[in-house]
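Colleague: First, the structure itself, so that you have it in front of you.
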Amino acid sequence: MDIRYDQSGEDAIYAKWEKSGYFNPDNLERKGKPFTIIMPPPNANGSLHIGHALFVTLQDIMIRYYRMNGRKALWLPGADHAGFETQVVYNKKLEKEGRSFWEIPKDKLYEEIKEFTLANKQYMESQLRKLGASCDWSREKFTLDDDIREVVYSTFKKLYDDGLIYRAERPVNWCAKHQTTLSDLEIKYEEKVDKLYYVKYSLSNGNGFIEVATTRPETIAADIAIAVHPKSKWAEFVGAKALNPLTKKEMPVITDDAVDPDFGTGALKITPYHDSTDFEIWSRHKKEIELEPISVIDRYGKMDPSAGALSGLKVKDAREKAAEILKDSFSREPEDYNHQVSVCYKCGTVIEPRVMKQWFVKMTDKPNKGGSSLRDLAVRAVRSKKVRFVSSRFEKEFMRWMADLRDWNISRQIVWGIKIPVWYCDGQDNDVCRSKEGIIVSESKLQKCPYCGSENIRAENDVFDTWFSSGQWPFATLMSKSGDFKKFYPTDVMETGWDILFFWVARMIMFGIYRTGKVPFKTVYLHGLVRDKDRQKMSKSKGNVVNPLEVAEVYGTDAVRMSLVIGSAAGNDPVISEDKIRGYRNFTTKIWNAARFVLMDYAEPSRKPSFTARDKADLKEMEKTKKDVAKHIEKLDFNHAAEIAYHYFWHSFADKVIEESKERIKSDDLKDPSRRKFAEADAEAAKEKLIIILSECLKMLHPFMPFVTESIWQNMPNKTKKGNMLMIEPW
RNA sequence: GGGCGCUUAGCUCAGUUGGUUAGAGCGUUGCAUUCACAUUGCAAAGGUCACUGGUUCGAGUCCAGUAGCGCCCACCA
């Protein structure tokens, strides 16, 4: 063995593993049932960061352990086109290059992003290899693969046929910067101080006025009613007409329970196209209101011509100008008002509610043929422990989120994604077609309307919310190779970050059960966000980012893996620092040197070793430790499993067992002819004990530190012939 | 406005059905070491387990409350 462990040999070890074919469970001779993990596909829009290294480590620990422990272990890797996220990244890239995203033709943009994504994907694959990920590359999937799309289309069709997907015009979250709608999960709230204006709406009969509090005077031109609470002081005016202070149009005064009598003045202006509450109130009172709602804000966040004097202004400027124009209609001075404003989770642009025709998934309604809602399918599976969360507190989070679900807008007006498989027939030349409002859901391309035969059809332009397709990942990935679904589904563990519990995990559970009748995975293990030693989030601007590949280059991949797994329980944010990694690099060196000592002058024993009582106790302790490590891995308590292995190797095996053996191995008795025979046998037994324990320790440490253990294994004299790889040694 | 979580050694954290004297890593201090490893060993110092009360033979662990911190969710204009 070399005097030093050389981590630059890691690539060669990985290549040997990969070449062996044993990443593919089909090539493993195992009697046990499969053990399956579907890798959360990393977004192919950048390079891997420390969070990826964390999931690789945790999942690889399980896969390597079960592979050694008699199971057909499948870890199916993938890459995510990550629709909106990637488009945002690419948009930024173009901005840096001084090009305009919006001036590039859509087809060309798609091709450019595709090229960008595929290049990233390829790079990421090499990084996963560097981290030691023992996944089955022969089964790798990309979220835009044809067979994945087909599964996604067929799920959409099934949902549509079951009445769980519909198209509707209603207020949706619009990001003016990214020019797309977003789901309720893709917006966040920011605290903002705005002015609360008190505006008088005079009654047309001259009997005074109603006072309305609003933060949005710029939308007054789009007001079509005043709503008051039935028990408020304004109730006496219900049925009267109020005058719009800008347009002077007569608007009905109506009553609705949704109005809070204790907030503001207890009266609400109804602007259906710019506020979702207003839209709902309007929907309930269409008949009384009569006026048609209008929009005064365009898709770019500017006032449109129907806003009259405000036309062309940005919303913020329009607000100030409106306040100026309305000065005489104010009943009192505007107040500072502190409230939560919804913004785009990516760029922080204020979300403008706009009314648009979009596709929605019903979350809480039953299918039209009967059965359970998507929500109920998932809730029941979790409640009955068919899906178990680690740590269990996420079960509470999950249930609470499921409790108040609203329908999910899955339409996105972006280029980078899977087109919604819908055509619209403008001909509508027969009743069947008209009854479907010209909507045609089709898994394949169409030339003409299948209902009326008209060739006057056009394809839907919108693409899916990426989570709609990635929510189908566990079964979609297994459906493409024949036999896989049957063999590997449901999968065993879904290991991912808790930040995407709602975005992804919840959707996978719903769609998984909906499509296959079975849960997609039995256990969800959620890890946290990797933080620096001061518990700070890592970010480029703070300069505290640890690039896993760079530190692996310096300290070895094994050290990086160990520092990610030790010291953090499930669901908590792991803390990592270069000092910590250096500490585990020292451990790597310790392992290497201990092995070097054990293997030094080792020869096959000439007789059956006669172990002393102490030897037997040492061997027993090793067995016990190994069982303990296995137990903790199986409990998904990787933190302790790693710590036990670490502690045993260093402070029992190296510090005690090896140290105490030195006397016997180097005994002066060996030089004394009268004692020599006994001493030789004893030295041999000591050496034999050391090599047995070392050998078992390598197995025990392999799932955590695959490279150094495999590379020592290659020097072991007693390694079994077959394959000569620790990776597939029986645990 | 609702909910969840955290508070244990100087620092970062474990402590999974309540059970001897509360642990690890790093850091600190002292000593040792040409002998696999200074990327080392041995040893030491360091904790009223946030606070208050309760259940119990027994509480870091269970219950209630208080304080501080963090996070998630939410269409009161």
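The values are calculated or read from the model by the stated rules, or taken from the named source; none is laboratory data. Quantities reported herein were computed from a predicted structural model and do not represent experimental measurements. Cβ atoms come from the backbone with ideal geometry, glycine included; neighbour counts cover every protein chain shown. The accessibility values were calculated without ligands, DNA or RNA, using every heavy atom of the protein model including side chains. Shrake-Rupley method; radii C 1.70, N 1.55, O 1.52, S 1.80 Å.
Colleague: So A:MET725 ticks every box in (1) open to solvent by 40 Å² or more (accessible area, probe 1.4 Å); (2) modelled with pLDDT of 90 or more but one. Which box is left unticked?
Modeller: The single condition A:MET725 does not satisfy is (1).
Colleague: Would you check if A:THR181 is open to solvent by less than 50 Å² (accessible area, probe 1.4 Å), closer than 27 Å to A:CYS344 by Cα and away from RNA strand B (no atom under 13 Å from the Cβ)?
Modeller: yes
Colleague: Go through the range A:36-57 and report how many residues are open to solvent by 10 Å² or more (accessible area, probe 1.4 Å), touching an Asp or Glu at 6+ places or on another chain (Cβ under 9 Å) and either in contact (Cβ under 8 Å) with a residue 60 or more places away in the chain or among the aliphatic types (A, V, I, L, M) (or both).
Modeller: Residues meeting the conditions: 4.
Colleague: Further, regarding this structure: Applying the selection to the range A:450-463, what residues are open to solvent by less than 70 Å² (accessible area, probe 1.4 Å) and either modelled with pLDDT under 95 or part of a strand (DSSP E or B) (or both)?
Modeller: Correct list: A:CYS452, A:GLY453, A:SER454, A:ILE457, A:ALA459, A:VAL463.
Colleague: Same structure, new question: A:SER283 passes all but one of (1) part of a helix (DSSP H, G or I); (2) within 14 Å of RNA strand B (Cβ to nearest atom); (3) in contact with a helix residue (DSSP H, G or I) (Cβ under 6 Å, 6 or more places away or on another chain); which number fails?
Modeller: Looking at each condition in turn, A:SER283 falls short on (3).
Colleague: Could you list all residues from the range A:633-651 that are open to solvent by 20 Å² or more (accessible area, probe 1.4 Å) and more than 7 Å from RNA strand B (Cβ to nearest atom)?
Modeller: Passing the criteria: A:GLU634, A:ILE644, A:TYR646.
Colleague: Does A:GLY239 qualify as being free of Cβ contacts under 8 Å to residues at least 40 places away in the same chain, open to solvent by 40 Å² or more (accessible area, probe 1.4 Å), out of contact with any Gly (no Cβ under 7 Å at 6 or more places or on another chain) and more than 22 Å from A:VAL355 (Cα to Cα)?
Modeller: Taking the combined requirement at face value, the residue satisfies it.
Colleague: What are the residue pairs meeting all of these: first residue in the range A:294-323, first residue of a type in the set (Phe, Trp, Tyr), second residue surrounded by 15 or more Cβ atoms within 10 Å (Cβ to Cβ), Cβ atoms under 7 Å, and 6 or more apart or on different chains?
Modeller: From the range A:294-323, the pairs are A:TYR300/A:ALA176.
Colleague: Spot the failing condition for A:LYS346; the list is (1) under 23 Å from A:GLU211 (Cβ atoms); (2) basic (Lys, Arg); (3) not in a helix (DSSP H, G or I), and only one is missed.
Modeller: The number of the failed condition is (1).
Colleague: Another question, then. Do you know which of the residues in the range A:536-567 that are among the hydroxyl-bearing types (Ser, Thr, Tyr) and crowded, with 20+ Cβ neighbours inside 10 Å is farthest from A:SER711 (Cα to Cα)?
Modeller: From the range A:536-567, those among the hydroxyl-bearing types (Ser, Thr, Tyr) are A:539, A:541, A:555, A:557, A:563; that's our starting set.
Next cut, crowded, with 20+ Cβ neighbours inside 10 Å only: A:555, A:557, A:563.
Values: A:TYR555: 16, A:THR557: 13, A:SER563: 20 Å.
Out of the qualifying residues, it is A:SER563.
Colleague: While we're on this one: Which of the following residues is within 16 Å of RNA strand B (Cβ to nearest atom) and assigned to a helix (DSSP H, G or I): A:LEU54, A:LEU109?
Modeller: Working: A:LEU109 fails: within 16 Å of RNA strand B (Cβ to nearest atom).
Just a single option satisfies the conditions, and that option is A:LEU54.
Colleague: Go through the range A:1-35 and report how many residues are among the hydroxyl-bearing types (Ser, Thr, Tyr), open to solvent by 20 Å² or more (accessible area, probe 1.4 Å) and under 24 Å from A:ASN69 (Cβ atoms).
Modeller: Of the residues in the range A:1-35, 2 are among the hydroxyl-bearing types (Ser, Thr, Tyr), open to solvent by 20 Å² or more (accessible area, probe 1.4 Å) and under 24 Å from A:ASN69 (Cβ atoms).
Colleague: Please give the number of the condition A:TYR166 fails out of (1) open to solvent by 20 Å² or more (accessible area, probe 1.4 Å); (2) within 15 Å of RNA strand B (Cβ to nearest atom).
Modeller: Failed condition: (2).
Colleague: When you check A:VAL253 against the structure, is it within 15 Å of RNA strand B (Cβ to nearest atom) and outside any loop (DSSP other than H, G, I, E, B), yes or no?
Modeller: yes
Colleague: Does A:ILE63 qualify as being outside any helix (DSSP H, G or I) and either surrounded by 23 or more Cβ atoms within 10 Å (Cβ to Cβ) or in contact with a His (Cβ under 6 Å, 6 or more places away or on another chain) (or both)? Before you say what the answer is, go through the steps one by one.
Modeller: Working: outside any helix (DSSP H, G or I): no; either surrounded by 23 or more Cβ atoms within 10 Å (Cβ to Cβ) or in contact with a His (Cβ under 6 Å, 6 or more places away or on another chain) (or both): yes.
In short, no.
Colleague: Run A:TYR555 past the list (1) at pLDDT 85 or above; (2) under 25 Å from the mean Cα position of the chain (by Cα); (3) more than 25 Å from A:ILE691 (Cα to Cα) and report the number of the one that doesn't hold.
Modeller: A:TYR555 satisfies every listed condition except (2).
Colleague: May I ask you to list the residues in the range A:286-303 that are part of a strand (DSSP E or B) and either among the β-branched types (Val, Ile, Thr) or open to solvent by 60 Å² or more (accessible area, probe 1.4 Å) (or both)?
Modeller: Of everything in the range A:286-303, those that are part of a strand (DSSP E or B) and either among the β-branched types (Val, Ile, Thr) or open to solvent by 60 Å² or more (accessible area, probe 1.4 Å) (or both) turn out to be A:ILE297, A:LYS302.
Colleague: OK, next. Within the range A:529-586, which residues are among the charged types (D, E, K, R), assigned to a loop (DSSP other than H, G, I, E, B) and more than 6 Å from RNA strand B (Cβ to nearest atom)? Give the steps one after another, and end with the answer.
Modeller: Within the range A:529-586, the subset among the charged types (D, E, K, R) is A:531-535, A:537, A:540, A:542, A:550, A:553, A:558, A:561, A:573, A:578-580, A:582, A:585.
The next check asks that each one be assigned to a loop (DSSP other than H, G, I, E, B); those that pass are A:532-535, A:540, A:542, A:573.
A:ASP532, A:ASP534, A:LYS540, A:LYS542, A:ASP573 - these are the residues of the range A:529-586 that are among the charged types (D, E, K, R), assigned to a loop (DSSP other than H, G, I, E, B) and more than 6 Å from RNA strand B (Cβ to nearest atom).
Colleague: Would you confirm whether any residue within the range A:515-524 is of a type in the set (Gly, Ala, Ser), at pLDDT 95 or above and buried (at least 16 other Cβ atoms within 10 Å of the Cβ)?
Modeller: No: the range A:515-524 contains no residue that is of a type in the set (Gly, Ala, Ser), at pLDDT 95 or above and buried (at least 16 other Cβ atoms within 10 Å of the Cβ).
Colleague: Let me ask something else. For residues that are aromatic (Phe, Trp, Tyr) and part of a helix (DSSP H, G or I), scanning just the range A:256-280, find the one that is nearest to A:ASP304 (Cα to Cα).
Modeller: Of everything passing the filter in the range A:256-280, A:TYR273 is nearest to A:ASP304 (Cα to Cα).
Colleague: I want to confirm something. Restricting to the range A:390-441 and keeping residues that are closer than 27 Å to A:THR180 by Cβ, more than 29 Å from the chain's Cα centre (by Cα) and in a loop (DSSP other than H, G, I, E, B), which single residue is farthest from RNA strand B (Cβ to nearest atom)? Can you show your working first?
Modeller: Within the range A:390-441, the first condition is being closer than 27 Å to A:THR180 by Cβ, and the residues that meet it are A:401-402, A:404-426, A:436-441.
Next, from what is left, pick out any that are more than 29 Å from the chain's Cα centre (by Cα): A:423-426, A:436-440.
Checking the rest, the ones that are also in a loop (DSSP other than H, G, I, E, B) come to A:426, A:436-438.
Numbers: A:ASP426: 34, A:LYS436: 30, A:GLU437: 27, A:GLY438: 31 Å.
Across the range A:390-441, the extreme among qualifying residues is A:ASP426.
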